[in-house]
1. If one computes P(r) from the Cα atoms of the range 44-178, what percent of pairs lie at distances over 22 Å?
2. For the pair VAL160/THR289, report the inter-label distance in nm, with labels modelled 7 Å from Cα in the Cβ direction.
3. What is the extension gain from ALA105 to ASN171, computed as 0.36 nm multiplied by their sequence separation minus the C-alpha to C-alpha distance, in nm to one decimal?
4. Run the simple label-point estimate for ALA234 and ALA39 please: 7 Å along Cα→C-beta, distance reported in nm.
5. Could you sort out which of LYS104/LYS147; LYS59/LYS235; LYS109/LYS235; LYS147/LYS235; LYS109/LYS131 sit more than 32 Å apart by Cα distance in this structure?
Amino acid sequence: MKATKPFGRVLAVLGTLFASTGALEAQDFKIDEVASVTAVAPARLKPGIILFSDHRDDKLADAGTGLIRFEDWARERPLQKQLLSPYPGYIEPTIKVSVHGIPKAYTEKLHMYVVEARFLIEKAPDTIDLKRYTQVEVLEKIDPAIKHRRITADQSAPQVDPESAYQRHPNRRWCEPEGSLCIESRYPLEGKLPVGIRLANKLEESGKKISEFMEFQTEIRTLPPDEIERAGYAKLTALDAPVTGVLEQTIFHVNQVMQFGKLVTVLQPYPADAGRTVATVFMTLAVETDVLERKKEFESVPVLRNLIPAQVLMGKSSFNSGTSISAGLPDYVRNRIRAIAGQLGQ
């Protein structure tokens, strides 16, 4: 079975989903926590306010982590599962592992972190250019901490690495749609997390070391109108208005810890004023369940008791610090959603 590498590596992955948004204008938006963004009437939307839900208190969510088992998410929210997975029809992957030298098939169980946000943009939908976020130059200027290089379909890991073949798209190759941007990114961990990783590496007996950086591959594209209508994005937002644009970012390959990440931004005219835009942002992060279950080995070592993966992931560890990725998913996601709102409003 592939080794799981917890702590900040899980948090670093989240940064890739928002690599196209910086901190510009983030301070101008306030978060209004709601049970479900899509259940709130449009009249409640106000300038400078972001309606937000990460469903940590849902009946489906695990009480300890706030994450939802993939199988429960797929059963109870099939439309989300269809549009917020790497592709429609996605299931938990079956991978080949070796147990005492004997090959076996293993189903990689997943837990989902699911986020919804909605806010007003004081511009008409046709004045918002989503395609600017499919340019690597824009990504580099906005978030210099993450280094990107453009890749082609032939360079994507599912094509060149036999062990990653299960991550292939069933209907096409990643990076092939016209106008899409595919990048391979590298993100060095920040704050206290590298110190924790060095401590863990010194105590690691298997010889498999935890890296202080994350590498991942992402496809970013704007969807053509026929695909938007066919896929049912208007149903996903539950807003009675035509969808004028969809920006989709899919992390289709990560070296470990998670299976995929997805960010979808949907633009629709505000029902009461066509000169304003409603932006609804959905984000999913599929964390490998065995990462969350790694607890006993950390509790037995005093210096690592605060480095339990689930605690770090949800911002409940002394190793969490600041307001960026190292703060944990709840704080970091809220800050990134603010950044998205600021960018789209420019």
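1. On the way: 5699 of 9045 pairs.
In whole percent, the long-distance tail amounts to 63.
2. That separation, rounded to one decimal, is 3.3 nm.
3. On the way: separation 66, 0.36 × 66 = 23.76 nm, distance 2.34 nm.
Value of the extension gain: 21.4 nm.
4. Placing both labels 7 Å beyond Cα along the Cβ direction yields 2.4 nm.
5. Working: LYS104/LYS147 37 Å; LYS59/LYS235 22 Å; LYS109/LYS235 28 Å; LYS147/LYS235 36 Å; LYS109/LYS131 34 Å.
Those over the limit are LYS104/LYS147; LYS147/LYS235; LYS109/LYS131.
Bear in mind these aren't lab numbers, they're just calculated from the coordinates by the rules spelled out. Small disclaimer: the values here were computed from a predicted structure and weren't measured. Don't worry about glycine lacking a Cβ; one is built from the backbone with ideal geometry, like all the others, and counts go over all protein chains shown.
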